[in-house]
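To start, the structure under review is shown below, and the notes come after it.
The values are calculated or read from the model by the stated rules, or taken from the named source; none is laboratory data. Quick caveat, the model's predicted, so the values are computed rather than measured. Note that each Cβ is placed from the backbone with ideal geometry, even for glycine, and that neighbours are counted across all protein chains shown.
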Amino acid sequence: MTDIARDLAYILRPNPPQSDEEDWKEYQFRLQQTKQARDDLEARFRSIQLEQDGDPVLARLQELEQQRRQAVEETRAILAYAREFVRPEPYRLQALAKAAGMSISGVRSTYDHKHIEVVANRLQRSDRRQKALGINPPSLDLLSGPIATIYNDSAGYGQQ
């Protein structure tokens, strides 16, 4: 039978290649660190296998999907900040697109008013459009969705 926990640990924590500038002792140290990280990961996967219907492959894929969703939301919040809050002028679309691995139109359309509201609330200041109109940051107590989860978690709301 396939040892899924061991296989996944080796896939995700392979031995590092030795660089030409690195001496044998340094490389052995890095190998030991990698082995420890791999052993820890394998133990984690084994504990998942012990759970009823525990599957380390599916569990890791679910973790990665959650991390991907969080990275997308963080990217949207950072882009909203860079375009709507940085003064005296916002970051240029071209620079943001290059840094985020997106097109200019992707940067322009990836965040919306909810992301702007989250950033405004966290910073306790108005975005450039609100400031021009003399509007104070809105309260986000009733905001829902993925960005609200990130906001509530970072603000300490929803933690038991």
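For region 1-89, list the helices (runs of 4 or more DSSP H) that sit wholly inside it and hold at least 2 residues that are β-branched (V, I, T) and over 30 Å from D127 (Cα atoms); which are they?
4-12, 24-50
Using beta carbons and a limit of 6 Å, which pairs, at least six apart or on different chains, have the first residue in region 66-84 and in the same structural domain as S126 (by TED's automatic domain parsing) and the second one surrounded by 13 or more Cβ atoms within 10 Å (Cβ to Cβ) and not in a helix (DSSP H, G or I)?
Listed pairs, sorted by first residue: R76/Y111; L79/Y111; A80/Y111; A82/Y91; R83/P90; E84/D127.
If you scan region 96-109, which residues turn out to be farther than 11 Å from L79 by Cα and in a helix (DSSP H, G or I)?
K98, I104, S105
Test each condition in (1) more than 30 Å from K114 (Cβ to Cβ); (2) modelled with pLDDT of 95 or more; (3) exposed (fewer than 13 other Cβ atoms within 10 Å of the Cβ) for T34 and report the one that comes out false.
Single failed check for T34: (3).
Would a scan of region 130-146 turn up a residue that is of a type in the set (S, T, N, Q) and modelled with pLDDT of 95 or more?
Within region 130-146, none of the residues are of a type in the set (S, T, N, Q) and modelled with pLDDT of 95 or more.
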